[in-house]
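Quick notes on the structure that follows.
The values are calculated or read from the model by the stated rules, or taken from the named source; none is laboratory data. As the structure is a prediction and not an experimental result, all values here were calculated from the model. Methodologically, a virtual Cβ is constructed for each residue, glycine included, from the backbone with ideal geometry; neighbour enumeration extends over all protein chains shown. Side chains are part of the model used for accessible areas, which takes the heavy atoms of the whole protein and leaves out ligands, DNA and RNA. Shrake-Rupley method; radii C 1.70, N 1.55, O 1.52, S 1.80 Å.
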Amino acid sequence: MGILKNKDLIGLEKLSKEEIELILNTAKSMKDILKRPIKKVPTLRGKLVVNLFYEPSTRTSSSFSLAAKRLSADGMNLSAKSSSVVKGESLVDTAKTLKALGADAVVIRHGIPGAAKKLGDTIDIPVLNAGDGAHEHPTQGLLDIYTILEERGKVEGQTVAIVGDIKYSRVARSNIWGLKKLGAKVRVVGPSTLMPKEIEKMGVEVYNNLEDGIEGVDVINLLRIQKERQGKSLFPTIREYAKFYGLRKKHLALAKEDMTLMHPGPINRGVEISSDLAYSGQAVIEDQVENGVAIRMALLYLLIGGGSKSE
Amino acid sequence: MNKLLLKGGKLIDPLSKKKEEKDLLIEDEKIVEIGEDLQVVGAQVIDVKGKVITPGFVDIHVHLREPGFEYKETIESGSKAAAKGGFTTIVAMPNTNPVIDNPSLVSSVLTKGKEASVNVHQIGAITKGSLGKELAEIGSMKEAGIVAISDDGHSVMDSQIMKLGLEYAKNFDLPVIVHCEDKNLAGDGAVHEGYYSTVTGLTPIPSSAEDVIVARDISLAEESGAKLHIAHISTKGAVGLVRQAKKRGVDVTCEVTPHHFSLTDEAITSFDSNTKMNPPLRSAEDVEAIKEGLRDGTIDVIATDHAPHSKEEKDVEYNYAPFGITGLETALGLVITELVKEGVLSLEKAIEKLTVGPAKVLGLDKGTLEVGKDADLTIIDLDKKWTVDPQKFLSKGKNTPFSGVELQGEVVTTIVGGKVVYRAEKQGIGDKG
């Protein structure tokens, strides 16, 4: 079995194709464990995984906690509200505290790009980025790619349309890096006010019209529209956004017939996706959730346990 | 009488177009003689063979942080850093705490400045507290000794107030130095808007935030006839606007910082908060336009925007870190390495933008090597290569993105008013007097 080059997982930009494939393969073994009657292995017994969350996130935090539990690691949650973070302790000082607590790995969610890297540069234990501002959300990117692989049999040559708020989306960025490395074609679709500058240099095609953007695609990955963007004139109203960029049944004929529909959740039903579609057979939203646990188990295993350089 | 004889150096004086190997004699605080093979009884002799002697550098954009932020820098520590960097005259921005916006504050900082090892001048605020609402006591501050006005750190967003500030400054023949940044366009941005802001997810500041205010301020200056100086120009668009305005005869000048011609926004991918400054590091295309502006004379001045901060302030998440880097002690090395060695500017042109260029903008009688002028001189070893080590800075601020970078060109000795205020270690300059 191969190893990951770096002690931290900061983003997919810095992973090689081989490393991504290693993670996906390891996740497959982990998913097998999740299919067993007893969904737990002793691999990381006695290891402490700390969730350090500066932004609220039930889904990602629970998914990491569950992944740690399935591998028999001890988990600990430090959220911004309960930790000294709000009392003005610096990230650098918090890192020292984590080390003193005996953490074997830290999962960090932070609102500022680069925060995960800063933590990783400060301590010598593995740091897993669970989302840093609009920079990257590598485990989400990996679980999306894993889901595509599972649903479509391969990633290479697939055309994936990522639709929505690309500008502020770390999910979009991680997906783009990973998908491009594995040979997929990537389109980003959304109003120009939600498109970051020069994103085409990442090797994607930019579409400002939903119908054009999803024409003939294999996969549609819908991003959640943050309601707080409303009122900042990035788009006039949620209603108008839904009218021009919300995916509805009538759009399905434009994509491939067997198109896979993904969404990182939580869904704003009736905004980026209509209710009937969210529960249609093409949607794999629950599979994504399950795959998320497998991906995070794989990463904890590779970084703390069996697949790191220390072993 | 105190006599100092510099022997065997190569004099470069951009104003008089001097470029020759001559001896230079200083008596007390003045240059008294320049000639071949001077023999002076009773003079202390400094052998500067193989070295270049230029007028002392003039930095019209530094943040000395006093009063209010003495933990970042003081007039004393900033002056020492200046001397080490070859600067004999520095001009402090008023964004201290309190903001220098009245004559008594001006007097108090200038009194402290008199004790410093280099000449310290002060800029006053355009508006009270630099809040952009009401004009400060500009005339009285001029009486107290300011050399320009600026609300550096912000643009005066109310165009009417800016217009009145320019018109009023004219009464007192004061240049107005503008930080050009549209507050609404810049928002809470931290980096240049482009490919690298997209990749890093860091909040972008578009080039237009600078360009629209440069255009506005040029228009207002043109209307009022006031003297406008644009601080730390950084975009291709802004360079173009200044070029056109100069052609029309508008009284406008501008400066660039060493980091804006040395680095591009690619540096932000390190997420190192020492790549965070305002204006932000721009794209490769902007850097090219800056170099063209230096070449064709659109850019008159190189100024450091020396902005020291404490380690604790910078050692945080990118967005939380304050803008700015130190600049006094790396300026010459960057000018020689990035501009002279790369063929962007001749040595004389580069020295001009560090000496007589900035002196002219503020009307200071500095920046030239002529008999009768103040003996403010910088002696340079052009070939010396050295590696930037922030721990060796005399500035309190160690915040630089150039740590570990090898530069060429080092200040050997700095002389202010005939007195040696800085001498590099192990340079082997013999006192034979």
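Counting only trypsin sites (Lys or Arg not before Pro) that DSSP places in a loop and that have at most 12 other Cβ atoms within 10 Å, the longest clean stretch of chain B runs over B:134-425. Over region B:174-231, the hull volume per residue, using the convex hull of the C-alpha atoms, is 73 Å³.
A quarter of the convex hull surface defined by the alpha-carbon atoms of the protein assembly as shown gives 35.1 nm² as the mean projection.
The share of C-alpha pairs in chain A whose separation exceeds 26 Å stands at 44 percent.
Accessible surface of region B:96-166, 1.4 Å probe: 51 percent of it comes from carbon and sulfur atoms.
Of the beta bridges in chain B, as assigned by DSSP with both residues counted there, near 55 percent are antiparallel.
All alpha carbon pair distances within region B:323-426 were sorted into 5 Å bins beginning at 0; the resulting P(r) in whole percents reads 2, 11, 18, 22, 22, 16, 6, 1, 0. Highest average first, the peptides A:26-35, B:206-215, A:277-286 ordered by how many other beta carbon atoms sit within 10 Å of their residues are B:206-215, A:26-35, A:277-286. The apolar share of the surface of chain A, taken as the fraction of accessible area on carbon and sulfur atoms (1.4 Å probe, ligands and nucleic acids excluded), comes to 50 percent.
Gain in length, B:K419 to B:L38, computed as 0.36 nm per residue apart minus the alpha-carbon separation, to one decimal in nm? Can you show the working numbers first?
On the way: separation 381, 0.36 × 381 = 137.16 nm, distance 1.96 nm.
Gain on extension, B:K419 to B:L38, equals 135.2 nm.
Ordering B:A136, B:I161, A:L210 by the projection of their Cα atoms onto the charge dipole of the protein assembly as shown, which places +1 on the Cβ of Lys and Arg and -1 on the Cβ of Asp and Glu, puts A:L210 at the extreme positive end. Within the listed set B:N274, B:N95, B:N184, the Gaussian network model of chain B (springs between alpha-carbon atoms below 10 Å) gives the highest mean-square fluctuation for B:N184. Using Cβ point charges alone (K and R +1, D and E -1), the dipole size of chain A about the Cα centre works out to roughly 640 debye.
In chain B, helices alone account for a calculated mean residue ellipticity at 222 nm of -8000 deg cm²/dmol, with every DSSP H run of four or more residues adding -39,500 (n - 2.57).
Basic side chains Lys and Arg get +1 at the Cβ, acidic Asp and Glu get -1 at the Cβ, and with that the dipole of the protein assembly as shown about its Cα centre reaches some 2300 debye.
Distant-in-sequence amide contacts of B:T74, defined by a placed amide H-H separation under 5 Å and a gap of 5 or more residues or a different chain, comprise B:K396. Counting only other chain Cβ atoms within 10 Å of each residue's Cβ, the peptide B:311-318 averages 5. The distance between label points at A:S192 and A:D276 comes to 3.4 nm (points 7 Å beyond Cα on the Cα→Cβ vector). Reducing region B:280-358 and region B:50-121 to their Cα centroids gives an inter-centroid distance of 18 Å.
Apolar share of the accessible surface for region B:6-54: 45 percent from carbon plus sulfur atoms, 1.4 Å probe. Each residue of region A:73-79 was assigned a 3J(HN,Hα) from its phi angle through the Karplus curve 6.51 cos²θ - 1.76 cosθ + 1.60 (θ = phi - 60°); the sequence is 7, 8, x, 8, 10, 10, 9 Hz, with glycine and proline shown as x.
Each Lys and Arg Cβ is given +1 and each Asp and Glu Cβ -1; about its Cα centre, region B:56-362 then shows a dipole of about 640 debye. Compute a Gaussian network model of chain B, connecting alpha carbons closer than 10 Å, and tell me which residue from B:V371, B:V118, B:V356 fluctuates the most. Result for chain B, Cα springs under 10 Å: B:V371 fluctuates most. Shape summary: region A:225-273 maps onto an equivalent ellipsoid whose semi-axes, from the alpha-carbon gyration tensor, are 23, 13, 8 Å in decreasing order.
In chain A, Cα pairs under 8 Å separated by at least six residues give a relative contact order of 21 percent. Between the residues B:V191, B:V356, B:T111, the greatest Cα displacement towards the positive end of the dipole of region B:56-362, with unit charges on the Cβ of Lys, Arg, Asp and Glu, is found for B:V356. A loss of 50 Å² or more of accessible area (1.4 Å probe, protein heavy atoms, ligands and nucleic acids excluded) relative to the isolated chain is seen in these residues of region A:186-231: A:K197. Amide H contacts for A:F53 (H built 1.01 Å from N in the peptide plane; partners 5 or more residues away or on another chain; cut-off under 5 Å): A:L78, A:S79, A:A80, A:R109.
Efficiency by 1/(1 + (r/R0)^6): what FRET value for B:S208 and B:R248, r their Cβ-Cβ distance, R0 = 25 Å, to the nearest 0.05? Efficiency for this residue pair is about 0.70.
Solvent-accessible area per residue in the protein assembly as shown equals 39 Å², computed with a 1.4 angstrom probe and all protein chains kept. Take every Cα pair under 8 Å whose residues are at least 6 apart in sequence, average their separation, divide by the length of chain B, and the relative contact order is 20 percent. Listed peptides A:101-112, A:231-242 appear in the order A:101-112, A:231-242 once ranked by packing, highest mean of other Cβ atoms within 10 Å at the front. Using the Cβ-Cβ distance between B:E406 and A:N25 with R0 set to 51 Å, the FRET efficiency works out to roughly 0.70.
Cross-link reach is defined here as a Cα-Cα straight distance under 21 Å, omitting same-chain residues fewer than 8 places apart; for A:K99 the lysines meeting it are A:K7, A:K47, A:K69, A:K81, A:K87, A:K117, A:K118, A:K309.
Note on region A:100-179 and region A:239-311: Cα centroid distance 14 Å, given to the nearest whole angstrom. For the residues A:L222, A:L22, a 1.4 Å probe over the protein chains yields an accessible-area ranking, largest first, of A:L22, A:L222.
Across peptide B:200-210, how many C-beta atoms of other chains are within 10 Å of each residue C-beta, on average? That average works out to 4.
Across region B:1-159 the C-alpha pair distances fall into 10 Å bins from zero in the proportions 11, 31, 25, 19, 12, 2, 0 percent. The string of couplings for region A:260-275 from the Karplus curve (6.51, -1.76, 1.60, θ = phi - 60°) is 9, 10, 10, 7, x, x, x, 7, 9, 5, x, 9, 7, 8, 7, 4 Hz, one whole number per residue in order, with x for Gly and Pro. Legend: Rg and Dmax of region B:56-362, from Cα coordinates, 17.8, 51 Å. The residues packed around B:S283, meaning those with a beta-carbon under 12 Å from its beta-carbon, carry a net charge of -3 if Lys and Arg are +1 and Asp and Glu are -1. Within the shell defined by Cβ-Cβ distances under 15 Å, the residues around A:H137 carry a net charge of +2, with Lys and Arg each +1 and Asp and Glu each -1. Using the Cβ-Cβ distance between A:S72 and A:I3 with R0 set to 22 Å, the FRET efficiency from 1/(1 + (r/R0)^6) comes to roughly 0.55.
With the Kirkwood sum run over all distinct C-alpha pairs, region A:170-307 has a hydrodynamic radius of 16.3 Å. The residues packed around B:S108, meaning those with a beta-carbon under 14 Å from its beta-carbon, carry a net charge of -2 if Lys and Arg are +1 and Asp and Glu are -1.
If you take the accessible area of A alone plus B alone and subtract the pair, what total do you get in square angstrom, rounded to 100, with a 1.4 Å probe?
About 1600 Å² of accessible surface is lost on pairing.
Can you find, among B:Q244, B:N278, A:P236, the residue farthest towards the positive end of the dipole of the protein assembly as shown? Put +1 on the C-beta of Lys and Arg, -1 on that of Asp and Glu. Of the options given, the answer is A:P236. Sequentially through region B:6-16, phi angles give Karplus couplings (6.51, -1.76, 1.60; θ = phi - 60°) of 9, 10, x, x, 9, 7, 10, 10, x, 5, 8 Hz, Gly and Pro residues having no value and appearing as x.
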